[in-house]
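As structure tokens, the structure follows; a few thoughts come after it.
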Amino acid sequence: MQPPSSSAQQARQLLADRLRGLRRDAGLTAIELAARAGWERTKVSKIEHATRSPSVADIRAWCQICGAENEAADLVASLHAVEGMWVEWRRMERSGLRRAQEARLPLYERTRQFRAYSCWIVPGLIQTEDYTRAVLRAYQQRRGVHDDVEAAVAARMKRQRVLRRNQRTAAFLLEESVLRNGFGGAAVMRGLRAHLAQVTTWPAVSLGVIPASADRGVASPVEDFWIFDNEQVNVELVSGFLTVAQPTEIALYAQMFARLSEIAVYGARARDLLASTGPPP
């Protein structure tokens, strides 16, 4: 499956271009390289056009045949980086939800500015424990993964501590629908909305709620995303988890966040909306 991002595809193509360069430097045609490696005739062409991902063994064999064994380690590292751009949930969570939560902690710890937009779920850094438990339980049941929900809840609650550290700022944008499409039932959602009302008063945190509107113009709802400093964007999709690292794409997400920020309400107006919003009867 091709990753649904030009960032991921561009990274794959850069790796493919480096492999093509090694072949050409060695004076080999694609067919000659395939023959020496014992591969099907079209394999080299597919790898060089980034329509087929090489394996670690493929890269090592490629470098050996081209007399460039010293390039293998760097190319293998590039391959792992490309693979990390698009991760299916079943791969990320194959050992359970707790490890998936813990794997994200280093990124959160080194980030100084968080920006997060959500059209369907409250971002993890400002969830209540009961809401987190309901959300992760829903994930566990839907994806059929190992039941370590309580350990995963503890890991996410621990991760929230980064917001209380010095020199951290965070801006969160929620669609009004997030407050209506609940997890865990009415009591859990009431507790969540009361907590979010408190979040609006935190000095280093901005929480905006985007009211439902019949005409959103260029600020229409989009997929949930996080911006970590200006270094990367993470996007949660139905089938997997996408990391965007291209500066031009990061800028597009930052631009969309700014547009969405302009139509959100904050402070007392956000608290009024939180107080008046509840799950559907």
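Rule-based calculations on the coordinates, nothing more; no lab input. Computed from a predicted model, the values in this text were never measured in an experiment. Because the Cβ atoms are built from the backbone with ideal geometry, glycine has one as well, and the counts that use them run over all protein chains shown.
One table, with the values for the structure above:
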| read-out | value |
| --- | --- |
| Net charge dipole size for the chain [Lys, Arg +1 and Asp, Glu -1 on Cβ; Debye, nearest 20] | 480 |
| If the convex hull is drawn through the Cα atoms of the chain, its volume per residue in Å³ | 154 |
| Helix axis angle, 247-262 relative to the chain longest principal axis, alpha carbon, degrees | 10 |
| ARG52-ARG143 FRET efficiency (beta carbon distance; Förster radius 45 Å; 0.05 resolution) | 0.95 |
| Extension gain, ALA81 back to TRP202 (0.36 nm per residue minus Cα-Cα distance, nm) | 39.9 nm |
| Rounded tilt (10° steps) of 72-85 against the dominant C-alpha axis of the chain | 30 |
| Rounded tilt (10° steps) of 6-25 against the dominant C-alpha axis of the chain | 10 |
| In Hz, Karplus ³J(HN,Hα) per residue of the stretch 179-186 (6.51, -1.76, 1.60; θ = phi - 60°; x = Gly, Pro) | 7, 9, 8, x, 10, x, x, 5 |
| Net charge dipole size for the stretch 6-87 [Lys, Arg +1 and Asp, Glu -1 on Cβ; Debye, nearest 20] | 260 |
| Span from the the stretch 17-42 Cα centroid across to the the stretch 58-76 one, whole angstrom | 12 |
| Summed residue charge, Cβ within 15 Å of PRO203's Cβ, Lys/Arg positive, Asp/Glu negative | +3 |
| Cα gyration tensor shape of the stretch 141-281, rounded if a/c is under 1.5, else prolate or oblate by comparing a/b with b/c | rounded |
| Gain in span if fully extended, GLU223 to ARG165, counting 0.36 nm per residue against the direct Cα distance | 18.0 nm |
| Karplus-derived HN-Hα couplings along the stretch 134-142 (A = 6.51, B = -1.76, C = 1.60, θ = phi - 60°), whole Hz, x at Gly and Pro | 5, 5, 5, 5, 5, 4, 4, 6, 5 |
| FRET efficiency for ARG20 and GLU102, using Cβ-Cβ distance with R0 set to 30 Å, rounded to 0.05 | 0.20 |
| For the chain: relative contact order, % (alpha-carbon pairs under 8 angstrom, 6 or more apart) | 20 |
